[in-house]
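Asks: Here it is: the structure, laid out below.
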Amino acid sequence: MNRETVFERLNMIFRNNFDDDDIILGEATSSVDIEDWDSLEQINLVVAIQEDFNIKFNIDEVNAMKNVGEMVDFILEKTGV
């Protein structure tokens, strides 16, 4: 799995969670860029990402994720890529 593949999968997760097919994620995309991305939605995203990638984040990792690029970094680290 490469960075591009992770972004593609994350795009689908975000589109499903926010019910918005127009979402296109970039490295710097953060909660400021997506209107409905609040703390509750953050939890929903983390759960969906963990299920899709079959990984687990600890609370420190979740708190450290400031944008989608950092999410991708953690996913790649967790999946051993």
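Asks: Considering segment 13-24 alone, what residues qualify as being surrounded by 14 or more Cβ atoms within 10 Å (Cβ to Cβ) and either of a type in the set (Val, Ile, Thr) or free of Cβ contacts under 8 Å to residues at least 12 places away in the same chain (or both)?
Replies: If the condition is that a residue be surrounded by 14 or more Cβ atoms within 10 Å (Cβ to Cβ) and either of a type in the set (Val, Ile, Thr) or free of Cβ contacts under 8 Å to residues at least 12 places away in the same chain (or both), then Ile13, Arg15, Ile23 are the ones that fit.
Asks: Now a separate question. Step by step: first the residues of segment 25-43, then only those that are under 10 Å from the mean Cα position of the chain (by Cα) and more than 14 Å from Asn11 (Cβ to Cβ), then the one that is least open to solvent (accessible area, probe 1.4 Å). Which residue is that?
Replies: Ser30
Asks: Examine segment 51-65 for a residue that is among the polar types (S, T, N, Q), open to solvent by less than 40 Å² (accessible area, probe 1.4 Å) and at pLDDT 95 or above, and state whether such a residue exists.
Replies: no
Asks: Going by what's in this entry, would Asn2 be described as in contact (Cβ under 8 Å) with a residue 40 or more places away in the chain and surrounded by fewer than 16 Cβ atoms within 10 Å (Cβ to Cβ)?
Replies: The answer is yes for Asn2.
Asks: Only residues in segment 53-67 that are closer than 15 Å to Val6 by Cα count as the first member; pair them with residues that are modelled with pLDDT under 95 and part of a helix (DSSP H, G or I), Cβ under 6 angstrom, at least 6 apart or cross-chain, and list the lot.
Replies: Close Cβ pairs satisfying both conditions: Ile55/Lys78.
Asks: Let me ask another. Out of (1) more than 10 Å from the chain's Cα centre (by Cα); (2) buried (at least 16 other Cβ atoms within 10 Å of the Cβ), what's the single condition that is false for Phe7?
Replies: (1)
The values are calculated or read from the model by the stated rules, or taken from the named source; none is laboratory data. Computed from a predicted model, the values in this text were never measured in an experiment. With ideal geometry, Cβ positions are generated from the backbone for all residues, glycine too; neighbour counts draw on all protein chains shown. These area figures cover heavy atoms from the full protein model, side chains too; ligands, DNA and RNA do not enter into them. Shrake-Rupley method; radii C 1.70, N 1.55, O 1.52, S 1.80 Å.
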